[in-house]
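*Asks:* One structure coming up, written as structure tokens, with questions to follow.
The values are calculated or read from the model by the stated rules, or taken from the named source; none is laboratory data. Keep in mind that what you see is a predicted model, and the values were worked out from it rather than measured. Virtual Cβ from ideal backbone geometry, glycine too; neighbours counted across all protein chains shown.
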Amino acid sequence: MALFILKRVLFSTFITVAISGLVRASDPDILFDYIVPPHVTGVDGNFFTYTNFRVLFNRTMDPTAIQASMTEFPAVNGQSVSLSVLRLSPGGVSPPHMRPHATGLFLVLEGEFEVGFVDTTNKLYTQTLQTGDMFIFPKGLVHYQYNADMKKTAMAVAAFGSASTALVSVPSTLFKPDVDDVVLAKSFRTDVATIQKLRAALRGKV
């Protein structure tokens, strides 16, 4: 019960920080109080309410990932803020990726995360985060999260300075599309057979 209450308090606090601290971000200013999608004919309190995060406080449910971006929660469009929750099973990893539209503020709710990002000088910054720790992922830089604990689940919430939570996954971007095998082999200084093996593994064909 104590852990449940702590997580709820931390989550509530984090929402406040996210709204007050990340609204100055990359999204352009809008000329209206809010943006109503074309298909919405009437706006009331329901339009500004998002309830999908309730599962975080329901012990019978075990979410893997939830997000509230302009796709799932249209009311945030134009407001330069969004949220997502990441849950990693023991040994789980969120592969290297980047978010081109937003800085990410990452708060650990449960367990531990090994995190890191690479800046434009190719310097790697890493940290081991414990429950209650916060880490910032600068906009547009490649980063990752890893749950090194082989017994416990880790969960965190991330606030973004954009209504978009769109990400570019490094492995998927390079190996799932039909980028020429020779180009990749030369880029990684390996052979075509290795590239084909990596591509097949990412496509689930091995």
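*Asks:* Pick out the one residue from S162, S187 that is of a type in the set (S, T, N, Q) and assigned by TED's automatic domain parsing to the domain that holds G140.
*Replies:* S162 is the lone residue from the list that is of a type in the set (S, T, N, Q) and assigned by TED's automatic domain parsing to the domain that holds G140.
*Asks:* Which residues, taken from region 167-193, are within 17 Å of F117 (Cα to Cα) and either touching a helix residue (DSSP H, G or I) at 6+ places or on another chain (Cβ under 8 Å) or not polar (S, T, N, Q) (or both)?
*Replies:* Once the filter is applied, which keeps residues that are within 17 Å of F117 (Cα to Cα) and either touching a helix residue (DSSP H, G or I) at 6+ places or on another chain (Cβ under 8 Å) or not polar (S, T, N, Q) (or both), region 167-193 yields L167, V168, V170, P171.
*Asks:* Filter region 78-105 down to the residues that are part of a strand (DSSP E or B), under 10 Å from the mean Cα position of the chain (by Cα), within 16 Å of G116 (Cα to Cα) and not polar (S, T, N, Q) and list them by number.
*Replies:* Listed by number, the residues that qualify are L86, H97, M98, G104, L105.
*Asks:* T71 passes all but one of (1) of a type in the set (V, I, T); (2) in a strand (DSSP E or B); (3) farther than 13 Å from A156 by Cα; which number fails?
*Replies:* Checking T71 against (1) of a type in the set (V, I, T); (2) in a strand (DSSP E or B); (3) farther than 13 Å from A156 by Cα, the one that fails is (2).
*Asks:* Mind listing whichever residues of region 172-206 are free of Cβ contacts under 8 Å to residues at least 12 places away in the same chain, surrounded by 13 or more Cβ atoms within 10 Å (Cβ to Cβ), within 19 Å of M98 (Cβ to Cβ) and among the small types (G, A, S)?
*Replies:* Within region 172-206, no residue meets the criteria.
*Asks:* Find the residue count for region 106-123, including only residues that are outside any strand (DSSP E or B) and farther than 30 Å from F57 by Cβ.
*Replies:* Residues meeting the conditions: 5.
*Asks:* Of the residues T128, T103, T120, which is in the same structural domain as V55 (by TED's automatic domain parsing), on the phi < 0 side of the Ramachandran plot and touching a residue at least 24 places away in the same chain (Cβ under 8 Å)?
*Replies:* Selected residue: T103, the only one of T128, T103, T120 that is in the same structural domain as V55 (by TED's automatic domain parsing), on the phi < 0 side of the Ramachandran plot and touching a residue at least 24 places away in the same chain (Cβ under 8 Å).
*Asks:* Hey, T60 hits all of (1) at pLDDT below 95; (2) under 28 Å from I30 (Cβ atoms); (3) surrounded by fewer than 18 Cβ atoms within 10 Å (Cβ to Cβ) but one; which does it fall short on?
*Replies:* Going through the list (1) at pLDDT below 95; (2) under 28 Å from I30 (Cβ atoms); (3) surrounded by fewer than 18 Cβ atoms within 10 Å (Cβ to Cβ), T60 breaks only (2).
*Asks:* For region 1-33, name all the residues that are at pLDDT 80 or above and under 18 Å from F160 (Cβ atoms).
*Replies:* Once the filter is applied, which keeps residues that are at pLDDT 80 or above and under 18 Å from F160 (Cβ atoms), region 1-33 yields D27, P28, D29, I30.
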